[in-house]
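What follows is one structure encoded as structure tokens, with my remarks underneath.
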Amino acid sequence: MKNFLNIRNSKSLCILMVIIFIVAMLSILYSINLNASTIENGNFTFEYGVQNDWSSGASVSVAITNNGSTNINGWTLSWVFPNNQKITNMWDATYVQNGNNVTVTNQSYNEIIPANKGKVNFGFNISYSGTNTNPIEMTLNGNTSNVTISPNPTNTSVVTSQPTVTSLITATPTVTGSVIPTVTGNITPTNIKIMPLGDSITDGITVPGAYRIKLWNNIKKNGYNVDFVGSLSNGPAELGDKDHEGHSGWRIDQLDAKINTWMDNSKPKIVLLHIGTNDISQSYDLANAPNRMSGLIDKICAKLPSGGKLYVATIIPISYASVSNYNLQVSNVVKNKANTGKPVYLVDMYSALTTADLADGVHPNLNGYNKMADVWFNAIRNDLK
């Protein structure tokens, strides 16, 4: 009898343990069902890309991808900086930083992140001392996510506004001589290679494709054949040729380090250069910026083919610093080079835009980019005939 009771008690204990296990599993499953929308809404990927780091500061691009099946209508992103990083300015979003805690909120034009791999982008500059460690505890609308450290998040944000067109150029190449070749036989027009060269303003942080969209349309509308060239490529469907050399966060010296390779690989006949904004934003040895520009111009001109031309733009206004002194110095460099016979021409881009044409205090909005496109087109149109 005693053995029977022990067996019976053992069986009862086993049954009880099985019941407890089943109840626990049901509780977990029930919890998952209750939180299914949270799990789906938390299905995001962050790409955090340090575009440029100069030991006391950095430029950063962030991309948020919605991997879920429903749109995100309004977003708030938060993270913690492990060290003493401090945001100095931001574009395509607004932010609040309390100590190491950062909260970022969408702008009105990028509040919706489309379902099924839809993406929005924003960027910012930081200052720091010591080590620039990547952020931790990143959440979107309160939900944790997958975090990818990326060297160059893809820009897919869309800005919709209607362009107002103005144009301005202060230096147009002087053409002398009147030699007109005699053409015989069937000749296929040769596409003139154009390299858009610069930083994120050429890339298009706020408007993917930047000024290149309207410049391309201006060129094609007037019946010219061109080939945009460069190692990078981005832009919307309406941009027929997406190649360029617009490197987000880069300064003059960084372009200088790569320009010979790019010129050898792409062999452009025309180069459109807009650079210097990051030199100013980073206060990077500004006293020697004219010398760096001089060296870059020399390298580009040395690689141009016969009849090739370099167009150097004064940089557009920015909201947080004056660019007038830099532009004056660059203008003098370009004029001095031209006087020695180098095929370099000055384009007054600064006067074509105001800070009202900026989306974030640094990068143009669509209206500003359209103005830039018209300035560039007026500068080069005689070279396309």
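Computed from the coordinates by the stated procedures, all read-outs in this text should not be read as laboratory data. Quantities reported herein were computed from a predicted structural model and do not represent experimental measurements. Cβ atoms come from the backbone with ideal geometry, glycine included; neighbour counts cover every protein chain shown.
Name the residues of segment 69-90 whose amide N is less than 14 Å from a point 7 angstrom out from the Cα of S129 along the C-beta direction?
84-86
In the structure displayed, which of K299/K371; K309/K371; K117/K258 lie more than 26 Å apart, Cα to Cα?
K299/K371; K117/K258
Over segment 192-383, what is the mean sequence separation of C-alpha contacts under 8 Å (at least six apart), divided by residue count, expressed as relative contact order in percent?
24
Step through the table entries K119/K269; K86/K193; K86/K337; K193/K342, compare each Cα-Cα distance with 30 Å, and write down the pairs that go over it.
K119/K269; K86/K193; K86/K337
Taking amide hydrogens as modeled 1.01 Å from N in the peptide plane, which residues meet the under 5 Å criterion relative to L358, leaving out close sequence neighbours?
For L358, whose amide H was placed from the backbone, the distant partners under 5 Å are N365.
For the residue pair N222 and T76, what label-to-label distance in nm results when each label sits 7 Å from Cα along the Cα-to-beta-carbon direction?
If labels sit at N222 and T76, their model points lie 5.0 nm apart.
Considering the alpha-carbon set of segment 192-383 alone, what are its Rg and its Dmax in angstrom?
Using the Cα atoms of segment 192-383, the pair Rg, Dmax is 15.1, 44 Å.
What does the charge add up to near G246, with Lys and Arg as +1, Asp and Glu as -1, over the other residues with Cβ less than 14 Å from its Cβ?
-1
Please arrange V323, V102 by counting, for each residue, the other beta carbons lying within 10 Å of its beta carbon, fewest first.
The order, fewest Cβ neighbours first, is V323, V102.
May I ask for the net charge around N291, where only other residues with Cβ less than 12 Å from the Cβ of N291 are counted and Lys, Arg are +1 while Asp, Glu are -1?
-4
Which value, in nm² and rounded to one decimal, describes the direction-averaged projected area of the C-alpha convex hull of segment 204-254?
3.9
Contour minus end-to-end for T340 and Y320, with contour as 0.36 nm per residue of separation and end-to-end as the Cα-Cα distance?
Answer, rounded to one decimal: 3.7 nm.
For the residues R251, R212, what sequence is obtained by ranking on other C-beta atoms within 10 Å, fewest first?
R251, R212
HN-Hα J couplings of segment 68-84 from phi, Karplus 6.51/-1.76/1.60, θ = phi - 60°, integer Hz, Gly and Pro as x?
Going residue by residue, I get x, 9, 10, 5, 9, 9, x, 9, 10, 10, 9, 7, 10, 7, x, 10, 9 Hz, with x marking Gly and Pro.
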